[in-house]
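Student: Next up is a structure, given as structure tokens.
The values are calculated or read from the model by the stated rules, or taken from the named source; none is laboratory data. The structure presented is a predicted model; accordingly, all values stated were derived computationally and were not measured. Note that we place each Cβ from the backbone using ideal geometry, even for glycine, and neighbour counts take in every protein chain shown. These area figures cover heavy atoms from the full protein model, side chains too; ligands, DNA and RNA do not enter into them. Shrake-Rupley method; radii C 1.70, N 1.55, O 1.52, S 1.80 Å.
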Amino acid sequence: MSKLENAVPGYKNLILEPYTPNIGAVVHDFDLARIGDEGDRAELRKALVEFQVLFFRQQHLTAEQQIEVARVFGDPDKTKAFFPRHERHSVIEVLETRPVGHRYGTDQWHADITFSANPPTGTVLYSHVIPAAGGDTLWASATAVYDSLPESLQRYLEELEAVHSFEHSGWPNYFAQLENGEAIYRKARADHLPVVHPVVRTHPVTGRKLVYVNPNFTDRIKGLSRQQSDALLAFIFAQFQRPEFQARLRWETNTVAIWDNRATVHYATADYDNQHRLLHRVTFGEDQAF
Ligand code: SIN
């Protein structure tokens, strides 16, 4: 079947091909450097909440154009993580791993920056240098995970809140590798006190419920003992491992992935040893993510 025959109905400007039944779509023949009028923009926003992660191949974007892509979905000047920033545009985070040097802790399921009170609503990730093989990114649908749970467990989780903190993630180890790491770590702790989010959230656009915890940043569920909290979280996190809920992208250079950071978690596979990998990331947000 050709990609046109397989295209999702209801879209006039976008040729969308579902990537898996539960999550993801490829957007064919669309040049993100030349996004047109509100017709294009509205369909991109609709597709993002419908499919949760969108993939675009063979894109050629300047830094400014990548920021403009993010602007279709939200304000690029929202909360950021601790990655180095682009030399001219501080809203672009530079995710680079080199043959010799540190590794980031992104090889862990997470939604971006849930250690902040108002995490980004989404992310535009653009590949510049990709290993010959390896370094794939996986996304899992937090709505599909919620939908799969027994109703009694859904109801129970809906009453709970969880504490999120960057301290729980790989960031402190990353800071420790930096020359001025101790000072950066102290500042990060002062700037980012632990925050509390509901364990189940309702997506503000689709109205779908989703599990809003992740192993990178969620430290504990409030009101449970450490053992109870760890066991319950481990059960939820295990659902992210189910291939049925995942989309796995094999990057090529000049690929763009855009994801709904409210409805998904993602995992950057760290299997590429001493190869160079470079991506530019622009998170975007709204005044309130939920
Ligand atoms: C991220 O966690 O936002 C980065 C994912 C990746 O490097 O593939």
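Student: Can you work out which of the residues in the stretch 262-275 that are at pLDDT 95 or above and either of a type in the set (Gly, Ala, Ser) or out of contact with any Leu (no Cβ under 8 Å at 6 or more places or on another chain) (or both) is nearest to the ligand (Cβ to nearest atom)?
Tutor: Ala268
Student: Do we have Val53 as out of contact with any helix residue (DSSP H, G or I) (no Cβ under 9 Å at 6 or more places or on another chain), open to solvent by 20 Å² or more (accessible area, probe 1.4 Å) and touching a residue at least 12 places away in the same chain (Cβ under 8 Å) here?
Tutor: The answer is no for Val53.
Student: Determine whether the stretch 91-102 contains at least one residue that is exposed (fewer than 13 other Cβ atoms within 10 Å of the Cβ), within 22 Å of Val129 (Cβ to Cβ) and hydrophobic (A, V, I, L, M, F, W, C).
Tutor: Yes, the stretch 91-102 contains a residue that is exposed (fewer than 13 other Cβ atoms within 10 Å of the Cβ), within 22 Å of Val129 (Cβ to Cβ) and hydrophobic (A, V, I, L, M, F, W, C).
Student: One residue is enough: does the stretch 268-280 have a residue meeting the conditions surrounded by 14 or more Cβ atoms within 10 Å (Cβ to Cβ) and over 29 Å from Gly101 (Cα atoms)?
Tutor: No: the stretch 268-280 contains no residue that is surrounded by 14 or more Cβ atoms within 10 Å (Cβ to Cβ) and over 29 Å from Gly101 (Cα atoms).
Condition check ((1) more than 16 Å from the ligand (Cβ to nearest atom); (2) in a helix (DSSP H, G or I)) across all residues:
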| position | (1), (2) |
| --- | --- |
| Thr206 | yes, no |
| Ser229 | yes, yes |
| Leu232 | yes, yes |
| Asn254 | no, no |
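Student: For a quick check of your reading of the model, give me the residue pairs whose first member lies in the stretch 29-40 and is surrounded by fewer than 16 Cβ atoms within 10 Å (Cβ to Cβ), whose second is not in a loop (DSSP other than H, G, I, E, B), with beta-carbon atoms closer than 7 Å and at least 6 apart or on different chains.
Tutor: Asp29/Ile15; Ala33/Gln65
Student: OK, next. Which one of these does Leu138 not meet: (1) open to solvent by less than 70 Å² (accessible area, probe 1.4 Å); (2) modelled with pLDDT under 95?
Tutor: (2)
Student: Let me ask you something else. Can you find, within the stretch 219-232, the residue that is farthest from Ala81 (Cα to Cα) among those that are without any contact (Cβ under 8 Å) to a residue 60 or more places away in the chain and touching a Ser or Thr at 6+ places or on another chain (Cβ under 7 Å)?
Tutor: Here the answer is Arg220.
Student: Any residue in the stretch 107-135 that's within 16 Å of Thr79 (Cα to Cα): show its pairings with residues that are in a loop (DSSP other than H, G, I, E, B) and of a type in the set (Lys, Arg) at Cβ separation under 6 Å, as long as the two are six or more apart or on different chains.
Tutor: Pro120/Lys78; Thr121/Arg262
Student: Looking only at residues that are part of a loop (DSSP other than H, G, I, E, B), farther than 30 Å from Gln288 by Cβ and within 12 Å of the ligand (Cβ to nearest atom) in the stretch 108-133, which one is nearest to the chain's Cα centre (by Cα)?
Tutor: Going through the stretch 108-133, the residues part of a loop (DSSP other than H, G, I, E, B) turn out to be 108-109, 111-121, 130-133.
Filter again for farther than 30 Å from Gln288 by Cβ, leaving 130-133.
Next, only the ones that are within 12 Å of the ligand (Cβ to nearest atom) stay: 130-131.
On the way: Ile130: 18, Pro131: 20 Å.
The qualifying residue nearest to the chain's Cα centre (by Cα) is Ile130.
Student: Additional query: Would you mind stating whether Arg242 is touching a Ser or Thr at 6+ places or on another chain (Cβ under 9 Å), closer than 27 Å to Pro21 by Cα and surrounded by fewer than 18 Cβ atoms within 10 Å (Cβ to Cβ)?
Tutor: Yes: the conditions hold for Arg242.
Student: So, one more: Is the stretch 151-168 home to any residue that is within 19 Å of Ala111 (Cα to Cα), at pLDDT below 95 and not in a loop (DSSP other than H, G, I, E, B)?
Tutor: yes
Student: What's the total number of residues in the stretch 1-41 that are in contact with a strand residue (DSSP E or B) (Cβ under 7 Å, 6 or more places away or on another chain) and either closer than 18 Å to Gln52 by Cα or modelled with pLDDT of 95 or more (or both)? Walk me through how you get there before you give the answer.
Tutor: Residues of the stretch 1-41 in contact with a strand residue (DSSP E or B) (Cβ under 7 Å, 6 or more places away or on another chain): 3-4, 6-8, 14-20, 22-30, 32.
Filter once more, keeping what is either closer than 18 Å to Gln52 by Cα or modelled with pLDDT of 95 or more (or both): 7-8, 14-20, 22-30, 32.
Number of matching residues: 19.
Student: Under 8 Å by Cβ, and 6 or more places apart or on different chains, what pairs join a residue from the stretch 243-261 that is closer than 10 Å to Val53 by Cα with one that is modelled with pLDDT under 95 and not polar (S, T, N, Q)?
Tutor: Note: pairs meeting the criteria are Asn261/Ala289.
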